[in-house]
Every structure is written in C-alpha cells, then in structure tokens.
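The values are calculated or read from the model by the stated rules, or taken from the named source; none is laboratory data. Please read all numbers here as calculations on a predicted model, not as lab measurements. A quick note on method: Cβ atoms are made from the backbone with ideal geometry, for glycine too, and the neighbour counts reach across all protein chains shown. Just the protein is used for accessible areas: all its heavy atoms, side chains included, with ligands, DNA and RNA removed. Shrake-Rupley method; radii C 1.70, N 1.55, O 1.52, S 1.80 Å.
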Amino acid sequence: MNDLNLSDEVPVSIYVNGDVAATLMCTPEDLKDLALGYLLDTGSVEGMTDISKISVCNAEREVYVNLRESLKRRPKFSEIITTACSQGFDYKDAIEGLETLDSDHAVTILEIRQAVKRMVKESEKYICHGGIHASALVSEGFFVTREDVGRHNSHDKVVGRAMQENVDLNASMIVTTGRISADMVFKAMNAGVPILCSMSNPTKLAVDIAHKCRITLVGRCMGKDLTVYTQDERIIDKEIKICLAD
C-alpha cells in the first residue's frame with residue numbers, strides 16, 4: 001500500500017531470445033509498451049515485423065521477447081545506451097556514424113501546446129503528486145500519453161504503443177515534460193520521430209546531435225521563451241515564435 005501517494009519505482013527486466021537485454025528502473029505499468037519501445041529506440045529492432053512473440057509477467061516484473069528466426073540483425077546489447085545513464089557509450093563514435101532523418105512532417109506551435117495540455121491532463125500521477133515524467137506521441141488520428149519515473153521510459157512507452165498500432169512514426173511528434181538529453185535524441189532517431197518537444201530545455205550535445213541527424217528540437221514549449229533549436233522548417237508558423245535559435 002502506498003500511504004505516501006508517491007510513484008512506484010521497481011526494476012523490470014527485458015529478455016530477448018532468452019538473454020537479459022536490459023533491466024530498467026521504472027514505473028511498473030505498460031510494460032509491453034516499454035519493452036517494445038526500448039528495443040526500437042535503441043535500434044535493436046526495426047518494427048513489429050521483427051517480433052515473433054512478446055509476453056509480460058507482471059508479478060515477476062519481466063518481459064520476454066522473441067525475435068523472428070530469420071532476423072539477421074541481432075541486438076548488440078553492449079552498444080545500447082542505458083536508460084538510467086550513458087556509462088561506457090562513446091558519443092563521438094556514435095555521432096560520426098549518424099544518418100539523417102528525412103521527413104516533411106510539420107506542426108504549428110498551437111498544435112505543440114495543445115498536445116502538451118492534453119498530455120498533462122491525461123497524466124494522473126503528474127497532476128496528483130508529481131515526481132514523475134510524462135510523454136505523448138502525436139500523429140494523425142493517434143494520441144497516446146504514458147507516465148514513468150524515468151523520462152527515457154515514458155518516451156519508450158509511447159513509442160512502443162504507437163509501434164503496436166502501426167503508426168507512421170516518421171509523421172509524428174513527441175512532447176515530454178523531461179529535459180531532452182543526447183540519448184533522447186538518439187532514441188527519436190532510431191524510432192524515426194522527426195519532432196521532439198519539451199517543457200524543459202535540451203542539452204547542448206542534444207542540439208548538436210539533432211542538427212546533424214535533422215531532428216527538430218523545441219524547448220520551453222509552453223513558455224514565452226519557446227525556442228526552436230534545430231530544423232525550424234517543420235514548425236509552420238515561424239512568424240509567431242517568441243524566440244528562434246540560430
């Protein structure tokens with residue numbers, strides 16, 4: 001019983017083909033979404049067609065994923081960016097090998113702010129007691145919000161849900177309460193999401209990476225100091241921007 005009315009945080013292990021791929025500290029909800037989104041966001045799979053079976057054991061807090069036998073490209077777990085931190089990951093090498101994300105998907109500032117308002121409205125824990133992050137993924141005819149103690153996890157969860165619904169991620173946007181760090185941009189790149197917006201701000205490295213791989217980053221998206229840091233052509237109403245970064 002949670003007498004203090006605080007968010008739960010527990011270890012959840014994701015197994016792929018019988019091996020532990022990751023153990024994430026997260027809110028123990030929407031674990032199927034979390035596992036699928038994590039695998040897509042880390043570049044371990046390319047979509048649902050790579051998955052032959054997935055099952056969740058909520059009691060043991062474990063998710064079991066089997067990949068197609070014919071899948072030649074196997075996850076390189078030693079190269080996956082960890083969710084809690086990025087120890088052992090060589091950003092310089094990763095940046096050198098980045099591809100660019102081509103997408104003509106565009107949104108207005110009003111659409112961004114409406115998405116954030118809906119995300120917050122649908123985030124019961126965020127409203128009730130805080131201490132948690134929320135993310136939402138928006139595409140034509142599709143909107144999903146997920147909460148988690150980790151901003152990375154909430155990102156994974158919305159991507160995993162959209163993945164199951166066969167949403168065109170290349171024509172979508174993610175809005176989030178959390179700071180956009182470098183690994184959040186890598187996740188968006190692997191998932192093919194071209195627009196990433198936050199109520200907070202990105203790091204300098206996140207901006208550098210987003211610029212290189214052509215992802216649109218928007219910071220302080222609910223404030224008067226809203227800033228579009230990269231690829232501003234995807235924001236339609238440029239004339240009403242309060243601040244546009246160089």
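Table for the structure above
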| quantity | calculated |
| --- | --- |
| Selection count, segment 214-230, where residues are touching a residue at least 40 places away in the same chain (Cβ under 8 Å) and more than 17 Å from the chain's Cα centre (by Cα) | 2 |
| Residues satisfying the stated conditions in segment 49-63, i.e. farther than 11 Å from LEU31 by Cβ and part of a strand (DSSP E or B) | ILE51, SER52, LYS53 |
| Sole exception among (1) open to solvent by less than 10 Å² (accessible area, probe 1.4 Å); (2) among the acidic types (Asp, Glu); (3) under 22 Å from GLY97 (Cβ atoms) for ASP148, by number | (3) |
| Count of residues meeting criterion [buried (at least 18 other Cβ atoms within 10 Å of the Cβ), not in a helix (DSSP H, G or I) and not small (Gly, Ala, Ser)] in segment 27-43 | 3 |
| For GLU46: the one exception among (1) surrounded by fewer than 22 Cβ atoms within 10 Å (Cβ to Cβ); (2) part of a helix (DSSP H, G or I) | (2) |
| Residue match in segment 182-191 (condition: basic (Lys, Arg) and part of a helix (DSSP H, G or I)) | yes |
| Scope segment 197-206; condition hydrophobic (A, V, I, L, M, F, W, C), open to solvent by 30 Å² or more (accessible area, probe 1.4 Å) and under 20 Å from ILE95 (Cα atoms); matching residues | LEU205 |
| Residue, least open to solvent (accessible area, probe 1.4 Å), within segment 118-139, restricted to residues that are under 18 Å from the mean Cα position of the chain (by Cα) and among the charged types (D, E, K, R) | GLU122 |
| Residue pairs meeting the criteria (Cβ under 9 Å; at least 6 apart or on separate chains; first over 20 Å from GLY37 (Cα atoms), in segment 124-149; second hydroxyl-bearing (Ser, Thr, Tyr) and open to solvent by less than 40 Å² (accessible area, probe 1.4 Å)) | LYS125/SER7; LYS125/THR27; TYR126/THR177; HIS129/SER7; GLY130/SER7; GLY131/SER7 |
| Residue list for segment 39-76, filter: within 20 Å of the chain's Cα centre (by Cα), farther than 24 Å from ASP168 by Cβ and at pLDDT 95 or above | VAL63 |
